[in-house]
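The values are calculated or read from the model by the stated rules, or taken from the named source; none is laboratory data. All values derive from a computational prediction rather than experimental measurement. Positions of Cβ are backbone-derived with ideal geometry, glycine not excepted, and every protein chain shown enters the neighbour counts.
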Amino acid sequence: MKRVGTIRILISLLALAGTANAFVLSNVDGTWTGWVGGANVNTPSGVANPGYGNQLQDQIRWGTLTNPGTVGKQSGLGFTGAAGGGATVNFGLAEAFQIGELEHFNWPIDIGTNVTDADLRLDMAFTDPAGLNRNFSVTIHVLETPNGDTPGGVPDTISFPGSLPSFPFSSGSWDYTLDILGFGPTPGSIVNQFISGENASNTTLLWGRITGTERPVIPAPAAILLASLGTGVVGLLRRRRVL
């Protein structure tokens, strides 16, 4: 019975060490916390977005609609988290994963009433590793182009100002980094810009990746115990072979 108990303890310890390489994202919530420029800016939250992730979209809308050519709809951005409301995202260390869906409401508005940059806070919760909850803030740049007399208008460009965001954080004995990878429909088609056609609501996915390294934090007595357990298992297996 003691030998069986020893084996179970060793297996449990090894399994615990392995969980740092697997992630279960259980909730992602986005909040628009700031912006540059814009007129009539408002931030509706909890807008129904059925069919993706947590199915609740947080928006930032802007623009006045007085000139001919406007269609009664503000421009803006919307974010829906990939996880929450029962939806989860499972991924491994250094593997690209969906953070959420970004929607650009690209409707004609009065010139000079657009937002140029919007700050999005991402609140992320994990069930594996258990208790891992972090928030990160990214700035999204919106290049709204004058449509002029161009038939159908001119597409706008959504991007990140400067280099792609990267966020270090720690959990337990691990040091991690969350890298924002960019936009795209699949992990194999990620780009750093989202081209959004005029007179439409256009969507893309926001992708991230977590990398990490483990810090050696096991104290000497525990290390000796693990070594003893490992030696005991090896000895047990050898004795079984002899028998």
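Looking at this structure, is residue 20 modelled with pLDDT of 50 or more, among the small types (Gly, Ala, Ser) and part of a helix (DSSP H, G or I)?
Against the criterion (modelled with pLDDT of 50 or more, among the small types (Gly, Ala, Ser) and part of a helix (DSSP H, G or I)), residue 20 qualifies.
For the stretch 48-92, what are the residues that are in contact with a Leu (Cβ under 8 Å, 6 or more places away or on another chain), modelled with pLDDT of 95 or more, part of a loop (DSSP other than H, G, I, E, B) and of a type outside the set (A, V, I, L, M, F, W, C)?
If the condition is that a residue be in contact with a Leu (Cβ under 8 Å, 6 or more places away or on another chain), modelled with pLDDT of 95 or more, part of a loop (DSSP other than H, G, I, E, B) and of a type outside the set (A, V, I, L, M, F, W, C), then 49, 73, 74, 85, 88 are the ones that fit.
Based on what the data block shows, is residue 109 farther than 27 Å from residue 55 by Cα, crowded, with 22+ Cβ neighbours inside 10 Å, in contact with a strand residue (DSSP E or B) (Cβ under 8 Å, 6 or more places away or on another chain) and not aromatic (Phe, Trp, Tyr)?
yes
Taking the residues in the stretch 134-154 that are at pLDDT below 95 and touching an Asp or Glu at 6+ places or on another chain (Cβ under 9 Å) as candidates, determine which candidate is farthest from residue 28 (Cα to Cα).
150
Pairs, please: C-beta under 9 Å, at least 6 apart or cross-chain, first residue within 21 Å of residue 166 (Cα to Cα) and modelled with pLDDT under 95 and in the stretch 112-130, second in a loop (DSSP other than H, G, I, E, B) and small (Gly, Ala, Ser)?
Close Cβ pairs (under 9 Å, with a partner that is in a loop (DSSP other than H, G, I, E, B) and small (Gly, Ala, Ser)) amount to 129/172.
Taking the options 43, 80, name whichever one is touching a Phe, Trp or Tyr at 6+ places or on another chain (Cβ under 6 Å) and crowded, with 22+ Cβ neighbours inside 10 Å.
Residue meeting the stated conditions: 80.
For the stretch 155-211, what are the residues that are of a type in the set (A, V, I, L, M) and surrounded by fewer than 16 Cβ atoms within 10 Å (Cβ to Cβ)?
First pass over the stretch 155-211, keeping only residues of a type in the set (A, V, I, L, M): 158, 164, 178, 180-181, 190-191, 195, 200, 205-206, 210.
Listed by number, the residues that qualify are 164, 191, 195, 200.
Can you tell me which residues in the stretch 112-136 are among the small types (Gly, Ala, Ser) and either surrounded by fewer than 12 Cβ atoms within 10 Å (Cβ to Cβ) or touching a Leu at 6+ places or on another chain (Cβ under 7 Å) (or both)?
Applying the first criterion (among the small types (Gly, Ala, Ser)) to the stretch 112-136 yields 112, 118, 125, 130-131.
Listed by number, the residues that qualify are 112, 118, 130, 131.
Residue 72 fails exactly one of the following numbered conditions: (1) in contact with a strand residue (DSSP E or B) (Cβ under 8 Å, 6 or more places away or on another chain); (2) free of Cβ contacts under 8 Å to residues at least 12 places away in the same chain. What is the number of that condition?
Here residue 72 clears every test but (1).
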